[in-house]
Each structure stands twice: as structure tokens, then as C-alpha cells.
Amino acid sequence: MKKLRKVIAIALIFTMILPLGACGDSSPDAMTPHSKTGLYFDTVITITLYGNASKANKRLKETFRQAEYYENLLSNTVKGSDVSKINNANGQYVKVHKDTLEALEAAVKYSEQSDGVFDLTVGDLSDLWDFKNNTGTVPDRQALNQALEHIDYRNVEINGDRVRLKDPDAKIDLGGIAKGFIADKMKAKLEKMGAKSGIINLGGNVLLIGKRPDKTAYTVGVQRPFSDDGTALFTIKACDTSVVTSGTYQRYFEKNGRIYHHILNLQTGYPYNNGLDSVTIITKQSTEADALSTTVFCMGLDKGLAYVNSLNGVEAVFVKTDGTIVKSDNVDKEYQFKELK
């Protein structure tokens with residue numbers, strides 16, 4: 001129960017919605033938020049929509065139907081999902097849904113672009129650490145070495161609507177991109193149904209729909225690392241944007257005075273120890289924000305900052321283990337950054 005409360009606190013801090021002015025449609029009906037919360041993807045998700053209650057509730061129902069649909073396709077822990085079928089096919093081709101294919105193609109693309117720093121075949125290594133159940137297990141070196149041998153995104157072979165792993169012992173885990181991909185799908189569906197304002201929060205992966213009903217920006221708070229009550233470290237003001245954080249404090253355990261977190265170095269098999277507590281990526285598409293938050297964290301401050309500054313439409317906020325905040329070039333200009341004391 002303590003762990004669940006912490007997850008909820010983390011989820012909630014990402015949806016601080018603060019008024020920034022008084023213009024546009026500020027009528028009581030338009031400004032009324034309607035929210036629904038559930039447990040999917042091993043985390044608490046919350047969708048908030050504004051406006052007419054009947055329309056909002058209909059849209060929320062459809063969005064949570066999507067959550068179940070995508071979990072049953074993309075989760076490697078759901079028996080019978082497309083990803084589970086691929087992982088258990090002993091190297092044979094598996095026919096998959098078009099949405100699964102799209103997610104896999106995106107994961108392969110970001111694996112290629114990062115030269116394997118981000119890699120969708122991390123499944124065996126993730127399983128060894130078992131951060132999902134937080135058992136506090138530190139794998140032995142031999143087991144880590146064996147898992148590392150099977151991490152290589154080039155083992156994913158796509159042929160039309162069929163997918164296989166050329167290495168039968170490899171294992172796909174879309175945890176580094178799935179929530180961003182699903183958030184983008186949810187937003188597209190909600191906008192098609194007429195939603196103009198809202199917040200999609202998939203366990204801290206935040207995607208904003210348009211502006212607030214009064215035409216002002218949302219204020220999104222990002223958690224102070226290792227804050228049990230979800231206290232915000234900083235806020236940004238944004239519209240129609242995704243904000244995704246990868247942090248050492250999101251899934252971790254402590255053993256013999258050392259913290260082990262879920263962001264794993266695919267060269268050593270152990271969690272990164274690179275002087276960072278978190279990286280927050282701000283960009284339009286949540287799929288990109290999700291993949292880049294992991295990739296940029298793994299690059300470390302200097303390389304990660306240079307990489308983000310080379311990308312169009314992408315900004316980042318780095319939090320070092322000593323509490324220092326470092327921002328990419330245009331964060332203050334684009335998003336009105338504010339550090340909270």
C-alpha cells in the first residue's frame with residue numbers, strides 16, 4: 001500500500017493545473033474538470049477533460065477502453081499479448097495488429113537513432129532486476145552477462161505484418177516507449193471525438209490537449225527526486241505539449257546502503273551512475289518524449305545536453321544528484337520555467 005501511495009503521489013504532481021489568466025471561455029461549464037483514474041501499465045493513470053459532463057464522461061470511457069486495448073497488445077507481461085507472443089515464438093514469425101507494428105517500428109527507430117543506448121530488446125535484463133515487483137533483487141554477474149548477450153535491436157525482424165526475433169533468447173520490452181505511444185493514440189482519439197482541452201497522465205508521462213478552456217497555458221509540475229509526498233521541484237507552462245521524465249526515483253530499491261534504480265546501462269547490466277537524478281523531455285509528441293527521456297538520461301549530462309540542443313522542437317531539464325538544475329537552450333523562452341524552493 002505504501003508503494004501504491006507513492007506511485008499516486010508521483011502521478012499527481014505531474015498534473016498541477018494552475019490558472020494563468022482570465023480570457024477565452026471561462027464559463028463554469030467549460031472550466032469544469034472531469035477525471036477518471038485507473039491502474040494500467042503497472043502504474044496509476046489519470047485522464048482529465050474539461051467541459052460538458054456527458055460528453056466528457058463518454059470520451060473518458062472510450063479512452064480507458066483504449067488503455068485496456070493497448071495494454072493487451074503491448075505489455076510483455078500480459079499473456080496472449082502480441083509482444084508476449086513474439087517473445088515466446090522461439091524465433092518464428094508472429095502476425096501482429098497494426099498498432100503493435102507501429103509501436104515496434106517506432107521502438108526500432110529510436111533504438112537505431114541512439115545506437116542501441118535505447119533498445120527494445122532489454123526484456124531479459126529488466127526481468128532480472130524485477131523493478132515491477134520491487135523485490136530488491138541484485139542479479140549475479142553471470143546472469144547479467146547472459147542477459148546482455150541477447151540485447152540487440154537488430155534481432156527484431158519485421159516482414160509486413162509479421163514480426164520475429166532472430167535470436168530466440170532475446171526479449172522485447174516496450175516499457176521505454178509504450179506509454180508515450182499510447183498517450184499519442186489517446187490524444188488523437190479524444191480530438192477526433194471533439195475534446196479541446198485536457199490532460200493525459202500515464203503515470204507521469206503527461207500529454208496536454210490544446211490549451212485550458214480559458215485559452216491560457218497549463219502549469220505542469222515535475223517531482224522533486226525522492227520526495228515521498230510528490231513535492232514539485234519545478235514547473236513549466238505549456239500547451240498542446242508532452243512532458244515526460246525519466247528519473248532514478250521512479251522505480252528503485254535500496255540495499256546495503258546503495259540505491260538501485262530502473263534505468264539500466266546496457267553495457268554493464270547495472271543501473272546508471274552518471275550524476276543525474278532525472279531528465280525531463282518537453283516536445284510535441286509523447287512517443288518521442290518517452291524514448292528521448294530514457295536515451296538522454298543514459299547519455300549523461302554533457303552528451304545528452306548537446307544532443308537535445310541539436311534537435312528541433314525538443315527541450316530538456318536535467319536534475320543532477322546534487323540538486324543542480326541544467327536546462328537546454330530554449331526552455332526559459334518556450335516554457336516559462338520556474339524552480340520551486
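The values are calculated or read from the model by the stated rules, or taken from the named source; none is laboratory data. Bear in mind the structure is a predicted one, so any value in this text is a computation, not a measurement. Ideal geometry is used to build each Cβ from the backbone, glycine not excepted, and the neighbour counts take in all protein chains shown. Heavy atoms of the whole protein, side chains included, go into the accessibility calculation; ligands, DNA and RNA do not. Shrake-Rupley method; radii C 1.70, N 1.55, O 1.52, S 1.80 Å.
For the subset of region 181-218 comprising residues that are modelled with pLDDT under 95 and of a type in the set (Gly, Ala, Ser), which member is surrounded by the fewest Cβ atoms within 10 Å (Cβ to Cβ)?
203
What residue, among those in region 290-311 that are in contact with a helix residue (DSSP H, G or I) (Cβ under 6 Å, 6 or more places away or on another chain) and of a type in the set (Gly, Ala, Ser), is surrounded by the fewest Cβ atoms within 10 Å (Cβ to Cβ)?
304
Could you go through region 272-292 and let me know if any residue there is in contact (Cβ under 8 Å) with a residue 40 or more places away in the chain, farther than 18 Å from residue 41 by Cβ, aromatic (Phe, Trp, Tyr) and not in a strand (DSSP E or B).
No, region 272-292 contains no residue that is in contact (Cβ under 8 Å) with a residue 40 or more places away in the chain, farther than 18 Å from residue 41 by Cβ, aromatic (Phe, Trp, Tyr) and not in a strand (DSSP E or B).
Hey, can you tell me all the residues within region 102-150 that are closer than 24 Å to residue 70 by Cα, part of a loop (DSSP other than H, G, I, E, B) and modelled with pLDDT of 95 or more?
Within region 102-150, 118, 119, 120, 121 meet the criteria.
Scan (1) in contact with an Asp or Glu (Cβ under 7 Å, 6 or more places away or on another chain); (2) more than 30 Å from residue 336 (Cα to Cα) for the single condition residue 264 breaks and write down its number.
The one condition residue 264 does not meet is (1).
So which pairs qualify, if the first residue must be in region 158-180 and at positive phi and at pLDDT 95 or above, the second must be part of a strand (DSSP E or B) and buried (at least 16 other Cβ atoms within 10 Å of the Cβ), the Cβ gap must be under 6 Å, and the two must be at least 6 apart or on different chains?
Listed by first residue and then by second, the contacts come to nothing, as the list is empty.
Among the residues of region 267-286, what is the count of those that are open to solvent by less than 20 Å² (accessible area, probe 1.4 Å) and of a type in the set (S, T, N, Q)?
Let us first name the residues in region 267-286 that are open to solvent by less than 20 Å² (accessible area, probe 1.4 Å), namely 269, 271, 276, 278-283, 286.
Remaining after also requiring of a type in the set (S, T, N, Q): 278, 280, 283, 286.
Qualifying residue count for the region: 4.
Can you name the number of the only condition in (1) touching a residue at least 24 places away in the same chain (Cβ under 8 Å); (2) farther than 22 Å from residue 247 by Cα that residue 199 fails?
(2)
Any idea which of 215, 187, 211 is outside any strand (DSSP E or B) and closer than 27 Å to residue 109 by Cα? Step through it out loud before you land on a result.
On the way: 215 fails: closer than 27 Å to residue 109 by Cα; 211 fails: closer than 27 Å to residue 109 by Cα.
Selected residue: 187, the only one of 215, 187, 211 that is outside any strand (DSSP E or B) and closer than 27 Å to residue 109 by Cα.
Among (1) open to solvent by 40 Å² or more (accessible area, probe 1.4 Å); (2) of a type outside the set (A, V, I, L, M, F, W, C); (3) more than 21 Å from residue 125 (Cα to Cα), which single condition is residue 250 missing?
The number of the failed condition is (3).
Looking at (1) in contact with a Pro (Cβ under 7 Å, 6 or more places away or on another chain); (2) open to solvent by 10 Å² or more (accessible area, probe 1.4 Å); (3) of a type outside the set (A, V, I, L, M), which one does residue 129 not meet, given that it meets all the others?
Exception for residue 129: condition (2).
Can you name the residue in region 293-341 that is of a type in the set (A, V, I, L, M) and part of a loop (DSSP other than H, G, I, E, B) and is also farthest from the chain's Cα centre (by Cα) among such residues? Talk me through it step by step, then tell me what you get.
If we filter region 293-341 for residues that are of a type in the set (A, V, I, L, M), which is where we start, we get 296, 299, 301, 305-306, 308, 311, 314, 316-317, 319, 325-326, 331, 340.
Next cut, part of a loop (DSSP other than H, G, I, E, B) only: 311, 314, 340.
On the way: 311: 19, 314: 15, 340: 23 Å.
It comes out as 340.
Scan region 297-328 for residues that are more than 17 Å from residue 242 (Cβ to Cβ) and among the hydrophobic types (A, V, I, L, M, F, W, C) and jot them down.
298, 299, 301, 305, 306, 318, 319, 325, 326
When region 247-292 is examined, which residues are found to be of a type in the set (S, T, N, Q), farther than 24 Å from residue 227 by Cβ and under 14 Å from the mean Cα position of the chain (by Cα)?
Let us first name the residues in region 247-292 that are of a type in the set (S, T, N, Q), namely 248, 250, 256, 265, 267-268, 273-274, 278, 280, 283, 285-287.
Add one more test, that the residue is farther than 24 Å from residue 227 by Cβ, and what stays is 265, 267-268, 283, 285, 287.
Scanning region 247-292 gives 283, 285, 287.
Residue pairs, Cβ under 8 Å, 6 or more apart or interchain, first in region 59-81 and in a loop (DSSP other than H, G, I, E, B), second of a type in the set (Val, Ile, Thr). List them.
Cβ pairs passing all conditions: 75/83; 76/83; 76/172.
List, please: which pairs have Cβ atoms under 6 Å, are six or more places apart or on different chains, and start with a residue in region 313-341 that is of a type in the set (Asp, Glu) and end with one that is part of a loop (DSSP other than H, G, I, E, B)?
315/328; 315/330
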